[in-house]
Amino acid sequence: MRGGDMRLEQDFRRELAEHMPHLSVFARSLTRDRTEWEDLVHDTMERALNNWEKYDPERSMRTWLFTVMRNIHVGNMRSRASKGDYVQNSDTLPDVVDDAQSFDRETYRTAAKAIEMLPSEQRSALYLVGFDGRSYKEAGEILGVAEGTVKSRVSRARETVAEALAGLNGMNRQKEGPSP
């Protein structure tokens with residue numbers, strides 16, 4: 001390997017390491033099973049390192065990595081489906097809020113549980129747009145769907161979470177009793 005190529009690879013590895021936390025959160029939005037999302041992050045890192053020359057530094061590395069991860073995840077799901085393995089466990093929940101103390105604990109738990117229960121397509125779209133700050137178009141590119149599909153998935157996800165929070169709000173009013 002030439003000196004210039006070695007430097008490019010080192011720069012690539014350094015930038016790749018910076019995206020690890022985002023990869024972990026995105027993996028958790030794709031699958032609820034801890035072992036699966038850890039494997040997904042590992043496989044994505046491995047594939048990225050093996051194909052680092054294919055990365056275009058003019059484009060967003062995070063978008064490229066998320067696309068690689070989604071492709072691996074879809075391949076894994078297809079493989080499991082062909083084997084008849086449809087079970088998906090739920091043992092972890094992504095940390096979708098950096099400062100949970102700024103939320104009432106019960107409200108946070110309700111919202112987090114509602115997000116956890118979303119279908120993976122809605123959860124992934126909500127993560128990309130709502131938490132990672134992606135545009136609908138970018139999220140569509142990452143997820144391999146049309147921009148309008150992302151919009152509807154995010155809308156449905158937000159409605160579901162809002163309904164869960166509205167239900168909590170109604171329960172809190174009942175606990176407090178009638179207003180004077």
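Structural remarks
- Residue count for segment 18-43 under the criterion of being free of Cβ contacts under 8 Å to residues at least 40 places away in the same chain and of a type outside the set (Val, Ile, Thr): the result is 9.
- The residues on offer are Glu58, Glu46, Glu53, Glu15, and the sole one that is touching a residue at least 12 places away in the same chain (Cβ under 8 Å) and of a type in the set (D, E, K, R) is Glu15.
- You will find that of Thr35, Thr67, Thr63, Thr44, the residue that is β-branched (Val, Ile, Thr), part of a helix (DSSP H, G or I) and out of contact with any helix residue (DSSP H, G or I) (no Cβ under 8 Å at 6 or more places or on another chain) is Thr35 and no other.
- Annotation: of all residues in segment 71-90 being more than 17 Å from Glu38 (Cβ to Cβ) and part of a loop (DSSP other than H, G, I, E, B), the one that is modelled with the lowest pLDDT is Val87.
- Of all residues in segment 115-172 being outside any helix (DSSP H, G or I) and charged (D, E, K, R), the one that is modelled with the highest pLDDT: Arg134
The values are calculated or read from the model by the stated rules, or taken from the named source; none is laboratory data. As the structure is a prediction and not an experimental result, all values here were calculated from the model. No Cβ is skipped: glycine too gets one built from the backbone with ideal geometry, and neighbour counts run over all protein chains shown.
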